Each structure stands twice: as C-alpha cells, then as structure tokens.
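Participant: To start, I am sharing the structure in question, which I have written as structure tokens.
The values are calculated or read from the model by the stated rules, or taken from the named source; none is laboratory data. Remember, predicted model here, so these are calculated numbers, not experimental data. Heads up, the Cβs are rebuilt from the backbone with ideal geometry, glycines too, and the neighbour counts pull from every protein chain shown. The area values use the complete protein model at the heavy-atom level, side chains included, leaving out ligands, DNA and RNA. Shrake-Rupley method; radii C 1.70, N 1.55, O 1.52, S 1.80 Å.
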Amino acid sequence: MFNPSRDQVRNFFIETWRKYREKEVLTPMESVAANVMTVHPEYHVVLEDPESVDRDFPPEAGQINPFLHLSLHLAIEEQLSIDQPPGIRTAFDLACQRRGDRHDAMHDALEALGEMLFDAQRNGTPPDGAAYIANLRRRIGAG
C-alpha cells in the first residue's frame with residue numbers, strides 16, 4: 001500500500017506545480033493534481049516555495065493546510081474514478097447538479113470526507129463509507 005510521508009506528499013505537489021508551470025509532461029496523477037491546483041490560486045505562493053515543505057499550518061492560527069486540502073481533493077477524485085465507496089459518484093453528481101458548480105460540490109464532499117475521517121480516528125473505527133455518502137447527501141439537501 002502506498003503510504004507517503006508528509007514531505008513526499010508536499011514535494012509531489014510542489015514538483016507537479018513546477019512541471020505544470022514549465023509545461024513539462026505530467027503523469028496522469030500529476031495531471032489530476034495540476035487541475036486541482038489551478039482552481040486554488042490562493043495556494044500558488046506556497047506551491048512555488050520549496051521551503052513550504054517544512055512549514056506548519058496550525059488550525060488554531062486560522063490557517064488551512066493547503067497540502068491537506070489538495071490531498072483531500074485528490075482522494076475524492078480517485079474515489080470518483082472508481083466509485084469507491086460505492087455510490088459516491090452518484091451522490092457527487094447530484095451534488096454538482098444541486099450546487100451548479102463542480103468545485104462547490106467538491107468542497108461539500110471534502111467536508112463530508114473530513115468528518116468521516118475525524119469520526120473514525122476519534123472513535124478508533126474504520127472509515128464508514130455509507131455515513132460519508134449520507135453526510136454528503138444531507139449537505140446538499142438530498143437526504
């Protein structure tokens with residue numbers, strides 16, 4: 001199983017952004033990541049700074065960790081590509097219809113995914129895919 005370190009994940013995003021800006025050939029995963037990064041211009045300064053690999057983004061300081069945020073985007077893109085957990089693609093398509101914007105729907109899914117992961121970690125239980133999908137559906141008023 002692929003289990004990258006924090007630095008490996010951060011370097012992946014920084015290097016992918018560099019390759020994208022310099023119009024180099026991207027792997028399929030880098031292409032997905034680059035697409036996500038283009039819709040987050042607020043993170044470009046961080047992505048263009050190799051020193052940001054070592055930077056902390058404490059939530060108590062009101063900061064969103066851009067690497068975590070982008071990683072969650074990638075996780076959901078992967079989930080959608082394989083419909084795992086089963087039904088995520090259908091729920092996400094409905095979210096897109098209801099929100100009228102794919103990126104807004106993605107952020108609904110990010111919130112639902114984050115809650116599921118937090119609950120699993122807090123309770124010491126496996127992630128609950130059905131609860132995740134139900135949460136997404138509730139967020140968009142479908143369920």
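Participant: What accessible area per residue, rounded to a whole number of Å², is obtained for region 2-133 using a probe radius of 1.4 Å?
Facilitator: Here the per-residue accessible area is 59 Å².
Participant: A further question on this structure: Between (1) -0.25, -1.41; (2) -0.30, -1.42; (3) -0.24, -1.56, which matches log10 I(q)/I(0) by the Debye sum over Cα atoms at q = 0.09, 0.22 Å⁻¹ calculated for the structure shown?
Facilitator: After the calculation, the listed value that fits is (2).
Participant: Name the residue farthest towards the positive end of the dipole of the chain from the options L80, T90, P126, assuming +1 on Cβ of Lys and Arg, -1 on Cβ of Asp and Glu, about the Cα centre.
Facilitator: The Cα lying farthest towards the positive end belongs to T90.
Participant: Can you find, among A33, P50, N65, the residue sitting farthest towards the positive end of the charge dipole of region 10-67, where Lys and Arg contribute +1 and Asp and Glu -1 at Cβ?
Facilitator: Most positive-ward Cα: A33.
Participant: I'd like the carbon and sulfur percentage of the solvent accessible area for the chain, probe radius 1.4 Å, heavy atoms only, ligands and nucleic acids excluded.
Facilitator: 53
Participant: If you don't mind, there's one more thing I want to ask. Loop-only check: which GluC sites (Glu not before Pro) in region 45-108 are DSSP coil with at most 12 other Cβ within 10 angstrom?
Facilitator: E48
Participant: Could you work out which residue, out of S31, S81, S52, moves most in a Gaussian network model of the chain, that is, has the largest mean-square fluctuation with Cα springs under 10 Å?
Facilitator: Its mean-square fluctuation being the largest, the pick is S81.
Participant: Which value at 222 nm does the chain reach when only helices count, each DSSP H run of 4 or more adding -39,500 (n - 2.57), with the total divided by all residues and rounded to the nearest 500 deg cm²/dmol?
Facilitator: Roughly -20500 deg cm²/dmol at 222 nm, from the helical runs in the chain.
Participant: Sticking with this structure for a sec: Once the Cα atoms of region 1-55 are picked out, what are the Rg and Dmax in Å?
Facilitator: Values for region 1-55 (Cα only, Rg and Dmax): 11.0, 32 Å.
Participant: Starting from the 7 Å offset along Cα-to-Cβ, what nm value, one decimal, do you get for the label separation of D128 and M29?
Facilitator: Calculated label separation equals 3.0 nm.
Participant: Give, rounded to the nearest 20 debye, the magnitude of the charge dipole that the chain has about its Cα centre when Lys and Arg contribute +1 at Cβ and Asp and Glu contribute -1 at Cβ.
Facilitator: For this selection, approximately 440 debye.
Participant: How much length, in nm to one decimal, is gained on full extension between D93 and Q8, taken as 0.36 nm per residue of separation minus their Cα-Cα distance?
Facilitator: 27.5 nm
Participant: Ok, one more. Determine which residues of region 113-143 fall in the zone a paramagnetic label at D83 would reach in this model, i.e. backbone nitrogen under 16 Å from the point 7 Å along Cα→Cβ.
Facilitator: Hits in region 113-143 for D83 at 16 Å: 130, 133.
Participant: Using θ = phi - 60° and the Karplus curve 6.51 cos²θ - 1.76 cosθ + 1.60, what whole-Hz ³J(HN,Hα) does each residue of region 57-73 get, with Gly and Pro shown as x?
Facilitator: 10, x, x, 5, 8, x, 9, 8, 6, x, 5, 5, 4, 5, 5, 5, 4
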